[in-house]
1. I'm checking my understanding of the structure. Among residues of the stretch 352-388 that are free of Cβ contacts under 8 Å to residues at least 24 places away in the same chain and more than 24 Å from Gln250 (Cα to Cα), which one is surrounded by the fewest Cβ atoms within 10 Å (Cβ to Cβ)?
2. Could you give me the residue pairs with C-beta distances under 7 Å whose first residue belongs to the stretch 157-186 and is without any contact (Cβ under 8 Å) to a residue 40 or more places away in the chain, whose second residue is in a loop (DSSP other than H, G, I, E, B) and surrounded by fewer than 14 Cβ atoms within 10 Å (Cβ to Cβ) wherever it lies, and which are 6+ apart or on separate chains?
3. Could you go through the stretch 241-258 and let me know if any residue there is closer than 17 Å to Leu374 by Cα and not aliphatic (A, V, I, L, M).
4. Can you tell me which residue in the stretch 271-294 is surrounded by the most Cβ atoms within 10 Å (Cβ to Cβ), limited to those that are assigned to a strand (DSSP E or B) and of a type in the set (A, V, I, L, M)?
5. Here's a check for you: in the stretch 295-315, which residue that is crowded, with 17+ Cβ neighbours inside 10 Å and within 13 Å of the chain's Cα centre (by Cα) is nearest to Gly373 (Cα to Cα)?
6. Scanning for something in a helix (DSSP H, G or I), over 22 Å from the mean Cα position of the chain (by Cα) and either touching a residue at least 40 places away in the same chain (Cβ under 8 Å) or surrounded by fewer than 14 Cβ atoms within 10 Å (Cβ to Cβ) (or both), does the stretch 317-339 turn up at least one residue?
Amino acid sequence: MRGSTFSEHVSTYFNSVLETFTDYYPTSANSILPQISSAFAAQELQLSEKLNTIYACVALVLVVLYLFKQLLHLDQMGEAPLVHMKEGDDEVEVDTVEAGDDVDCDVRTATSRVLDIKRIMDKCSIFKSAYKPTWFWGKSGHIQTVLFGVMQKPHKAAADMSECKQYSVTLPSDGSVVYFHVYEPLKPHESEKLRIKQSILPGEEVTLLLCPGIFGSYNKSYVQSTVGAACSRGYRIVCLNHLGVLEDVQLKTPRLFTYGNTEEYAAMCEKAFGMFPDSLFISIGYSMGGNQVCKYLGEQPERQKKFVTALSICQGYDCIRASVGMTRWDKMQAVYSYILTQRWISLVEKHPLIMQTAVERGINWKDVKAARGLGQFDRLFSALVLGV
């Protein structure tokens, strides 16, 4: 029953009672009825206000619960991964290839590596099972970000203790100068301690080559956490600073970092190989940096021989789907797109060479500053600056 209907019923009943009282006690009614009517009107107003408050509270709770569900991704279910490989012109899904299948000689070589992967997956059932994250925080990157801010402090403290030096390398393509930082380990690696204990083969140096995410550099919190955790366990860190990101460094050429260009990371890796010739190397990329690491290793497969392994952390796998997803509001993706766009705009404004290039190419900076998403910014600015 709605609040207005309930009030009308109460008012009708009260009026009938007052009429009966007036018929039987006319003298008393004239003296006390005004007071009763005034009191009832006040109570009726309070009742209406309370009901409105209750309705407003219920509506607010429902809205909060909906946002809570959306932000924490509580409605998402885990899915089993689909693994596939592409060799030459042949693409074969792992789930469709069996070790005992009859395979034509022309494609046997192309599918041999796929079969090798399938044998590994058969022994590791986790690769075929759906990933089911922890109910509360495991599904939400928002909650994970907050928790990370609390849990990273001990690692950042360790990073402050490590010796850090800045180096640079010049890109042969256009003379751009790329800066990177090197953190030395705080103690010997486990293999070195094992060598001392057992007096066997020399211990190994292990160097992690980091590629941060968008707008990333050595001083980002997640990088510092990695530095602290790794250096305290005997690893050396070499961290790329994306072009144009460092606050105290101006660009030497009109070139900012881009989402998929691997030239800067490749130049840093080659420099590191020369600086630490006796070290083992592990490649690590975060988010956009994960894309660049995978692209770097896949562009020239012989590069993979330099690394023990590689890690891609929180990488976006499908650029087309991601670009569309960043325009949606159901999981607040558009908010992140807007924030990143404003970061791009402020970054460009810090570098006169980039601004001058924009002027020379006839880019309307007023329109660029009005961009509300990454897609708009890339169309109005990045693509025109790069000439694509």
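1. Across the stretch 352-388, the extreme among qualifying residues is Val388.
2. Cβ pairs passing all conditions: Glu163/Glu184.
3. Checking the stretch 241-258: at least one residue is closer than 17 Å to Leu374 by Cα and not aliphatic (A, V, I, L, M).
4. Going through the stretch 271-294, the residues assigned to a strand (DSSP E or B) turn out to be 279-286.
The next check asks that each one be of a type in the set (A, V, I, L, M); those that pass are 280, 282, 284.
Numbers: Leu280: 16, Ile282: 17, Ile284: 22.
Filtering first and then ranking leaves Ile284.
5. Per the stated criteria, the residue is Gln315.
6. Kept after step one, since they are in a helix (DSSP H, G or I), are these residues of the stretch 317-339: 319-325, 333-339.
Now restrict to residues that are over 22 Å from the mean Cα position of the chain (by Cα): none.
Within the stretch 317-339, not a single residue is in a helix (DSSP H, G or I), over 22 Å from the mean Cα position of the chain (by Cα) and either touching a residue at least 40 places away in the same chain (Cβ under 8 Å) or surrounded by fewer than 14 Cβ atoms within 10 Å (Cβ to Cβ) (or both).
FYI, it's all coordinate maths here, none of it is from the lab. What you see is a predicted model; the values in this text were computed from it and never measured. With ideal geometry, Cβ positions are generated from the backbone for all residues, glycine too; neighbour counts draw on all protein chains shown.
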